[in-house]
Amino acid sequence: MTIKHGDFTELAVDYVNRPGYSLEALDVIATYVKKMLGKGNLVVADVGAGTGKLTENLCELGFAGFAVEPNDAMRAEGIKHLDGKPFKWQAGNAEITGLPDQCVDWVLMGSSFHWADTSLSLKEFARILLPGGFFTAIWNPRDVEKNELNSIIEEEIRKIIPDLKRISSGSSQNMQGVEEKLLSTPYFNHLFFKSLRLICLIT
């Protein structure tokens, strides 16, 4: 199987098996956003939604809104997997979501902000957000450096493909400098950071 860099088409069917996001972390952020906006029912947009891993978590927390995904195969899997959920799926990306002006309270990107053009995407998010709205970039990185099993897996992959070049959404490197990026435009000027360490034990 040959996969073009940045093209998830061939991975779409299996991508649904990726882990979702921390409901605890999302709930903390959601509580903060609701308090700051002074409303309980928020309309949200999951941009770069993939097959809907983050969208599914947002559904679990009682949210409704939009799931925006540029890849047809990924979007098709998301629509199939989340059939009947209160999210409208559509083609689009972080730079051009295709959503109306001021239509959502909260925009999120799950493990995908590193693919976006920072200034263009933040400008787009400011456009679709209602006044005072929020943007959240969230990742669920694998701590390869501190996890022996992950380190072994990475070493074996490098033996098979020594010149492998990839941008893994599970890499902690994707979060480096994200604070500076989020504050690099005039569209957002307040930063709230939440980090949780989850440990999975295999017996």
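Data for the structure
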{"item": "Cross-chain or 6+ apart pairs with Cβ under 6 Å, the range 77-91 first and among the β-branched types (Val, Ile, Thr), then in a strand (DSSP E or B)", "result": "ILE79/TRP89"}
{"item": "Considering residues of the range 34-70 that are modelled with pLDDT of 95 or more and polar (S, T, N, Q) only, the residue surrounded by the most Cβ atoms within 10 Å (Cβ to Cβ)", "result": "THR55"}
{"item": "From the options ARG75, ARG127, residue that is assigned to a helix (DSSP H, G or I) and loosely packed, with under 15 Cβ neighbours inside 10 Å", "result": "ARG127"}
{"item": "Residue in the range 33-40 that is more than 18 Å from LEU130 (Cβ to Cβ) and either small (Gly, Ala, Ser) or not in a helix (DSSP H, G or I) (or both) present", "result": "no"}
{"item": "Output for the range 101-124, where each listed residue is assigned to a strand (DSSP E or B), over 17 Å from PHE193 (Cα atoms) and in contact with a Lys or Arg (Cβ under 9 Å, 6 or more places away or on another chain)", "result": "ASP105"}
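The values are calculated or read from the model by the stated rules, or taken from the named source; none is laboratory data. Please read all numbers here as calculations on a predicted model, not as lab measurements. A quick note on method: Cβ atoms are made from the backbone with ideal geometry, for glycine too, and the neighbour counts reach across all protein chains shown.
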